[in-house]
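Peer 1: To start, I am sharing the structure in question, which I have written as structure tokens.
The values are calculated or read from the model by the stated rules, or taken from the named source; none is laboratory data. As the structure is a prediction and not an experimental result, all values here were calculated from the model. No Cβ is skipped: glycine too gets one built from the backbone with ideal geometry, and neighbour counts run over all protein chains shown.
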Amino acid sequence: MFYSRVFYRGLVVALLFFLSCNPFKTQAISPIREVTGIFNHHENFHLNFDEGYVWFWDEFASAGGDGPGNDVENWGGNLGAFHNASEIWAKLHSLEHHFPSIIQLADLGFSYNGRLILLVIITDESVQSFKKEVLIVAHHHGREVITIENCLYYIDKLVYEFQNKNSTIQELLAKRIIYVIPTLNPDSLDIVYRWPYVRKNLHPIDEDGDGIRDEEEILYNYDSRDNDTTIGEDFPGGVDLNRNYPFQWNNTSDNSADPHSFVYRGASPFSEPETRAFAEFVRKHDFQSATSLHSGVELILTPWAYDPQIDCPDEEVYINLAVELTRVTGIPHTDLYPAIGEWGDWMYGARGIVSVTIETYRRENAAYVWDYFNPPPNKVLAVSERVYPGLLLMTSYTRQELQIDPLENITRSNTYSPTEETKPPKTALLAGLLGSWIVSIVIRKKVKKL
């Protein structure tokens, strides 16, 4: 009798496991992970959903104007009206809490300093069908914080319009799964108010070759451990994440093997946890389009970044797309300086994805680095409104047949929705079932002993 019970329990577990699997699923994303100590720099972090969701435009409704000097240094760790790391967490958790039918929160993995790289998944889960996937990623570079705000506005605008029965947005979310990475470089938010020049990630680099990584010197203005009476030989970070992709990585015409360089490419392609996590995620998907947000100029940029003078195999596709992006945003399409090991070249050249970079902001003749890359708080909404139609166009885009022969093996497919992220993880399901079974056996044995 005992063995028959074991058999049937095992059969039930196997059946439930099978049912929990989605046979149409083409990729998996880890659900959001609870990490002890992840807020160790923000001890007062709390989630409170009682007052309802606060829309992006309401957050910036009374934002102030330009201040003296590097504004962010005056604001400190809360970054003024801009969202710091904890506030991004709080906003996105609140968003998922209030709109669970279209918002799921997941992650790609961890940054160098252990922060989760958050991923927002937007789709109408009530529509169960195969859907096309699109991607938006922002904030490769630490000082380009406006790109995070551009993403947060875009997410809020989609949700707001969906909730208010905008038929265009309802149809979009019925046919698309939109993945948004608001910041690929979350560690930089912890130091940008002390070091507004931060561009790279926070992988410590011994730039001056003295055998000591003393990056805290420039942050806290003291001589740390090397007793050389010189402050700031090692700048904070790191590796330029947008020079750490493998496509043309060995071509050093505009990336650098010198750790001192602001475009230091890293020790090897995908040497950094941020870019490795991103690549692992991308390889599980088949995106119709991908968009990366930067600031420092106002331009639409398309491959090839490693040599803008060379036409890519799908130049006509890109020109037509760029013309439309310029029409809806007013941002011009032109060439910039070469960028080697750049994300868009890898996305297109290795993965066959139509990839575009939108440089969303530059302030001419800015006296301070923060002001050059980021608008005053009372201009954030206007910049984000300008970028929104471009992001909407990219997420509505359907990939044409491309001429590029990708360097990596590609499987073309759509993704079935509802997605796996909305279901209990299989491991948790099995653990719960087996755990209850083991507990029941232990209890029965104890009862027999009594």
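Peer 1: From the list 306, 337, which residue is modelled with pLDDT under 95, at negative phi and buried (at least 18 other Cβ atoms within 10 Å of the Cβ)?
Peer 2: Every option except 306 fails the conditions.
Peer 1: Under the condition of being part of a loop (DSSP other than H, G, I, E, B) and touching a helix residue (DSSP H, G or I) at 6+ places or on another chain (Cβ under 7 Å), which residue from the range 53-65 is surrounded by the most Cβ atoms within 10 Å (Cβ to Cβ)?
Peer 2: Among them, the one singled out is 60.
Peer 1: Taking helices (runs of 4 or more DSSP H) that do not extend beyond the range 365-450, which have at least 1 residues that are at pLDDT 50 or above?
Peer 2: 369-373, 380-396
Peer 1: Pick from the range 159-194 the residues that are buried (at least 24 other Cβ atoms within 10 Å of the Cβ), among the hydrophobic types (A, V, I, L, M, F, W, C) and assigned to a helix (DSSP H, G or I): which of them is farthest from the chain's Cα centre (by Cα)?
Peer 2: Ranking the qualifying residues of the range 159-194, first place goes to 173.
Peer 1: Right, here's the next one. Would you point out which residue out of 15, 92, 105, 79 is modelled with pLDDT under 95 and either out of contact with any Leu (no Cβ under 6 Å at 6 or more places or on another chain) or within 30 Å of residue 285 (Cα to Cα) (or both)?
Peer 2: Exactly one residue qualifies, and that residue is 15.
Peer 1: Still on this structure, I have one more. Across the range 172-209, which residue is modelled with the highest pLDDT among those that are over 19 Å from residue 263 (Cβ atoms) and aromatic (Phe, Trp, Tyr)?
Peer 2: Among those residues, the one meeting the criterion is 179.
Peer 1: Now for a separate question. Filter the range 357-416 down to residues that are under 18 Å from residue 344 (Cα atoms) and of a type in the set (S, T, N, Q) and give me whichever is surrounded by the fewest Cβ atoms within 10 Å (Cβ to Cβ).
Peer 2: Checking each candidate, the answer is 409.
Peer 1: To continue, here is another question. Could you list all residues from the range 123-149 that are touching a strand residue (DSSP E or B) at 6+ places or on another chain (Cβ under 9 Å) and closer than 26 Å to residue 265 by Cα?
Peer 2: 135, 136, 137, 138, 139, 140, 141, 144, 146, 147, 148
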